[in-house]
Amino acid sequence: MEGENETHLQEVKRVEAAVYDYDKDPRWSEYWSNVLIPPNLASRSYVVDHFKRKFYQKYIDLDLIVGPMPSSSSQSSGPSISNTHGLQSWSEYENSQNMGSNVNTSRTEPPSKSGNFASSDIFISQIFIFALIISILLCVIPRVPTNIANVAYRLSFLLNASSSLYFMHIFHNMTKAWSLTAIQERFPSIVATKNFSSFAYCLVFLPFPAKFKFALLPLFFREIEHISVKSPSTNLVRSSLYRRYLDKTCLWVETNTSTINNFNSNAEIALGFLLILALFSWQRDIIQTVIYWNLLKFMSRSPCSMGYHQCAWARIGRTVYPFINRYIPFLNTPLLALYRWWIH
């Protein structure tokens, strides 16, 4: 009986969200302008209606449950887009399909008891996220004892690697068949996710003695994005602690996901040049530098980060190449060789 009442209540809320006058609400125009989706999807009514419901949930009625984005073929029926990749967010799916184009999304409907993402998984994922943020803060806050900061530095990468593995496990049902055929079928979809890139990123810094606190920035913003955009539970949204201290911050993160991803790509590329400069200091490590630049090469081709990295490299090229052609043209030959390695 309670289930029927809840279903009826959600139907009423969906009707109220549909008849709400969004054009007279100035917050809607600002919200919609920060949603970055491909032009061919922005004109489709079911896409606009989906984000209107998310806006209504965010600003008007937090109890409204917004389901996943329907597929383009069936719109309201058939498998949804988020279901085609397990429980990955709509924004991550769009990244993998549109070479880094990002869709800012809000929190989606919590999965049912029969879903793959149980309440224990939600609890464990939140523990990973908050523990990682605390360890990063301990590492960067001034006047923290050196030994504690060093432990927090290692712990940050270890927690992020562990959480990435855990998310890959629950998103892709890695506990099922481990036959060679199953691995070949699942491996491409796993490699194309942000979790795999984040796991590989941690492996570059975890085993090496050199410490680069600048490398913690991408980890920090990734976890902030998980809390504000990709959190699978609505309990955090409904808590008084969230509403009082985190609501505005997470709203900014949610509506500026593209800006954060651009910042992350710039930070990752800048870190690559920092490792090259470190080769001339006592912290030099040739193996780590070579591995990281191969990781950057992978990120520039990975569907989840391709667009952001390519835009960053294009800006660097427009800034650097005129200077090189004018003052140090002899570098064109080695740069051309590096470019051929980069694109192959």
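The set of residues in the stretch 291-344 being hydroxyl-bearing (Ser, Thr, Tyr) and either assigned to a helix (DSSP H, G or I) or farther than 17 Å from ASN195 by Cα (or both) consists of TYR292, TYR308, THR319, TYR321, TYR327, THR333, TYR339. Residues that are over 21 Å from LEU275 (Cα atoms) and of a type in the set (Gly, Ala, Ser) within the stretch 296-340 comprise SER302, GLY307, listed in sequence order. Hey, any hits in the stretch 217-230 for a residue that's exposed (fewer than 14 other Cβ atoms within 10 Å of the Cβ), in the same structural domain as TRP313 (by TED's automatic domain parsing) and at pLDDT below 90? No.
Filtered by the rule that a residue be of a type in the set (Phe, Trp, Tyr) and either under 16 Å from THR255 (Cβ atoms) or at pLDDT below 80 (or both), the stretch 38-59 gives PHE51, PHE55, TYR56, TYR59.
The values are calculated or read from the model by the stated rules, or taken from the named source; none is laboratory data. Since this is a predicted model, take the numbers as computed values, not measurements. All Cβ positions, glycine included, derive from the backbone under ideal geometry; neighbour counts span all protein chains shown.
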